[in-house]
Every structure is written in structure tokens, then in C-alpha cells.
Amino acid sequence: MIVGFEEYKTVIELMRSFKPDIVITQHPVEYGRLDHMDAGEFTIRCVDYVRADGFDSPLAPHTVKEVYFAYYPDRRSDVLMAAPRQAPDVTVDITDVIDKKKAVMAEFGTTQTKPGEGYFVKLDKFMASVDGSVGYMNGMGYGEQFTRLNPAKMQHLPVG
């Protein structure tokens with residue numbers, strides 16, 4: 001993923017215009033997924049520029065309250081970071097939308113398929129092994145996990 005000033009400017013202007021409280025992106029260190037790493041790094045930089053006074057823009061700066069990274073369990077990513085990644089903060093039950101996710105991933109797969117790979121068979125196995133495992137471990141059908149860029153720090157457990 002190659003980005004320049006124009007791509008940064010476009011995304012920063014969109015963020016300043018929309019004013020999101022939360023941004024979800026890929027982790028900037030995800031083994032074997034250079035496009036995910038690039039997208040995560042690009043997004044973090046955009047979020048930083050969105051709040052900066054020094055970025056030339058007709059729109060006022062905006063502070064994004066939380067940045068979440070999609071979390072896929074993968075020991076190789078932890079090895080690449082030379083430390084274990086932060087454990088997931090949030091697990092979302094996606095059981096009701098798993099068919100939609102599969103359809104979107106299948107569409108995306110038409111751009112990713114390598115000759116003889118059998119992408120759609122691979123996709124079913126991926127959904128079962130990743131989203132299905134997350135769901136199983138968290139008492140739901142299918143799940144996705146996320147970690148925060150800045151983990152919450154508390155004096156006491158959040159009892160409510």
C-alpha cells in the first residue's frame with residue numbers, strides 16, 4: 001500500500017468532517033499481512049494528524065477518543081514485535097452477520113485468489129478457525145476481537 005500526501009489529506013479531511021469517536025483499523029504489526037500493517041500505520045498517523053493544530057486544513061482538529069485494532073491470534077505477530085501483543089479488550093458477537101461477512105470476504109477474494117488456491121474453501125476454514133474459535137471461547141457462535149491503541153487504566157475494577 002503506497003500512500004502519499006494526497007491520501008493523508010483526504011482521510012484527515014474525512015475524519016475531521018465526520019468526527020468519529022472510535023476508529024477501527026488493522027494492527028500495524030501483523031505477520032504476513034503487509035497491507036494490514038501499512039493500513040494500521042497509515043490510520044494511526046491520520047488519527048494523530050486529525051487532532052493536530054499544525055495540519056493545514058479548513059476544518060477544526062478533532063480528537064478520536066479510541067482506536068481499536070482488529071485482533072487475530074497469531075504467535076508470529078507476537079514474535080515479530082518481540083513481545084506478546086496486548087490481549088483483546090473487546091469481543092463482538094458477529095453470529096447474526098457471519099453470512100454477510102462471508103459474502104464480503106468472498107467478493108474481496110476475487111481480487112486475492114492465486115491460481116489453484118481454492119480461496120473459497122480456504123475462506124470457510126478461516127472463518128471456522130478464527131471467528132468460530134473466538135466465538136467458542138467467548139460463549140457465542142462467531143466473534144471478532146479488538147485491542148485498544150491505548151489500553152484503559154483504572155484504579156479499581158469496573159464494578160457496576
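The values are calculated or read from the model by the stated rules, or taken from the named source; none is laboratory data. Just so you know, these numbers come straight off a predicted model, no measurement behind them. Here Cβ is always computed from backbone atoms with ideal geometry, including for glycine, and neighbour counts include all displayed protein chains.
Observations, loosely collected:
- Restricting attention to segment 13-41, the residues that are modelled with pLDDT of 95 or more, farther than 18 Å from Pro88 by Cα and not in a loop (DSSP other than H, G, I, E, B) total 6.
- Inter-residue pairs, beta-carbon under 9 Å, first touching a residue at least 60 places away in the same chain (Cβ under 8 Å) and in segment 77-92, second among the basic types (Lys, Arg) and part of a strand (DSSP E or B), 6+ apart: Gln86/Arg148; Asp89/Arg148
- Top-ranked residue in segment 126-159 [being over 14 Å from Tyr72 (Cβ atoms) and of a type in the set (D, E, K, R); ranked as surrounded by the most Cβ atoms within 10 Å (Cβ to Cβ)]: Arg148
- Restricting segment 52-84 to residues that are part of a helix (DSSP H, G or I) and surrounded by 15 or more Cβ atoms within 10 Å (Cβ to Cβ), the residue that is nearest to the chain's Cα centre (by Cα): Ser77
- If the condition is being closer than 15 Å to Glu41 by Cβ and touching an Asp or Glu at 6+ places or on another chain (Cβ under 8 Å), then segment 69-82 contributes Ala70, Ser77.
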